[in-house]
Amino acid sequence: CWSSTEKEGEDHIATATVMLMGDTCTRGCRFCAVNTSQAPPPLNEDEVEDTARSIAQWGVGYVVLTSVDRDDLPDGGSGHFARTVQRIKQLKPSMLVECLTPDFKGDMDAVRELARSGLDVYAHNIETVRRLQTRVRDPRANYEQSLDVLVAAKEEGVYTKSSLMLGLGETVEEVKECMHDLRNAGVDILTLGQYLQPTPLHLSVVEFWTPEMFQQLASYGEEVVGFRFVAAGPLVRSSYKAGEFFIENMIKRDRTSYQKFLESHRGSGEPEPQSKVQELLEAGQLDYPDMF
């Protein structure tokens, strides 16, 4: 979305989504129409530099980097992600970068490497409720492994995000259970959208959830479960303009609050806090405890 003009006193940031590592996936999830192969083409050696330079010139302020699964690579492609993030930040430090990643075959070292790359938001989609995982996703993906990915990323101190598709036969209670599991894994932001069958060969839609049902789940997620933000609606997807706008403002507010807190702390003559979260909470400066 290229809208980046000021409107009614608010900054409307331009966003973009870029797929890395080719268009051929090594997995075959039953909801996804991406090309699949166990031997996809090798990585483009120039992709990191070309991607970073293009993004830096586009005039966008928030970019989502995503990819197919690349189980053929030793690290699943996490290093390629990390190098792209680092190069973007070198060329345009103000750029906010979200990485929507595979599970890297459950390699938590690969997850942590990417989480430490300088990205702003680590996103990984759990896709569906626990009961439907084996029906919906490739057998190499699973519910607990996705939760572990999100926990490992959160432990590195970054914002985390996940997404669920609805309409595959899940119940409201199963969705709520999954929401609690994600929040217990430290997830900050959740998106909920309607599954649509990409071709007749893929899973059929079991149910079309109404906009009112999505709104009820969004309210439940924010008010009961405790997500900082839930974007929910039939056409909501993982990379969603309203969500990215909220996240951008959230990050700016949190960083401003933390800088003000540090400045006031330095003025007291006391050593800088060792635990950012605990000091902010005790000072009443942080509404949400797992931002740093």
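The values are calculated or read from the model by the stated rules, or taken from the named source; none is laboratory data. Not measured: the values here are computed from a predicted model. In this analysis, Cβ positions are derived from the backbone assuming ideal geometry, glycine residues included, and neighbour counts consider all displayed protein chains. For accessibility, only protein heavy atoms count, side chains too; no ligands or nucleic acids. Shrake-Rupley method; radii C 1.70, N 1.55, O 1.52, S 1.80 Å.
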| said: Condition first: under 10 Å from residue 65 (Cβ atoms), touching a Gly at 6+ places or on another chain (Cβ under 8 Å) and buried (at least 17 other Cβ atoms within 10 Å of the Cβ). Can you find one or more residues in segment 87-96 that meet it? | reply: no
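Of everything in segment 227-286 that's polar (S, T, N, Q) and within 30 Å of residue 196 (Cβ to Cβ), which residue is modelled with the highest pLDDT?
At the first step, the residues of segment 227-286 found to be polar (S, T, N, Q) are 238-239, 249, 256-257, 259, 264, 268, 274-275, 278, 285.
If we keep only those that are within 30 Å of residue 196 (Cβ to Cβ) as well, we get 238-239, 249.
Details: 238: 73, 239: 67, 249: 78.
Only one residue fits best here, namely 249.
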| Pick from segment 38-68 the residues that are among the polar types (S, T, N, Q) and either open to solvent by less than 40 Å² (accessible area, probe 1.4 Å) or part of a helix (DSSP H, G or I) (or both): which of them is farthest from residue 13 (Cα to Cα)? | 67
| field | Output for segment 125-140, where each listed residue is assigned to a loop (DSSP other than H, G, I, E, B) and open to solvent by 100 Å² or more (accessible area, probe 1.4 Å) | value | 139
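Filter segment 148-199 down to the residues that are of a type in the set (A, V, I, L, M, F, W, C), assigned to a loop (DSSP other than H, G, I, E, B) and touching a helix residue (DSSP H, G or I) at 6+ places or on another chain (Cβ under 6 Å) and list them by number.
158, 168, 185, 187 - these are the residues of segment 148-199 that are of a type in the set (A, V, I, L, M, F, W, C), assigned to a loop (DSSP other than H, G, I, E, B) and touching a helix residue (DSSP H, G or I) at 6+ places or on another chain (Cβ under 6 Å).
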| request: Identify all residues within segment 1-27 that are at pLDDT below 95 and within 20 Å of residue 127 (Cβ to Cβ); write none if there are none. | output: 17
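Any idea how many residues of segment 69-79 are open to solvent by less than 10 Å² (accessible area, probe 1.4 Å) and in contact (Cβ under 8 Å) with a residue 60 or more places away in the chain? Explain how you work it out, then say what you get.
Going through segment 69-79, the residues open to solvent by less than 10 Å² (accessible area, probe 1.4 Å) turn out to be 70, 76-79.
Now narrow it down to the ones that are in contact (Cβ under 8 Å) with a residue 60 or more places away in the chain: none.
Looking only at that region, the number is 0.
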| field | Candidate set from segment 98-124 (those that are touching a strand residue (DSSP E or B) at 6+ places or on another chain (Cβ under 7 Å) and surrounded by fewer than 23 Cβ atoms within 10 Å (Cβ to Cβ)); member that is nearest to residue 19 (Cα to Cα) | value | 100
| note | Scanning segment 10-32 residue by residue, those more than 30 Å from residue 250 (Cα to Cα) and open to solvent by less than 60 Å² (accessible area, probe 1.4 Å) turn out to be 22, 24, 25, 26, 27, 28, 29, 31, 32
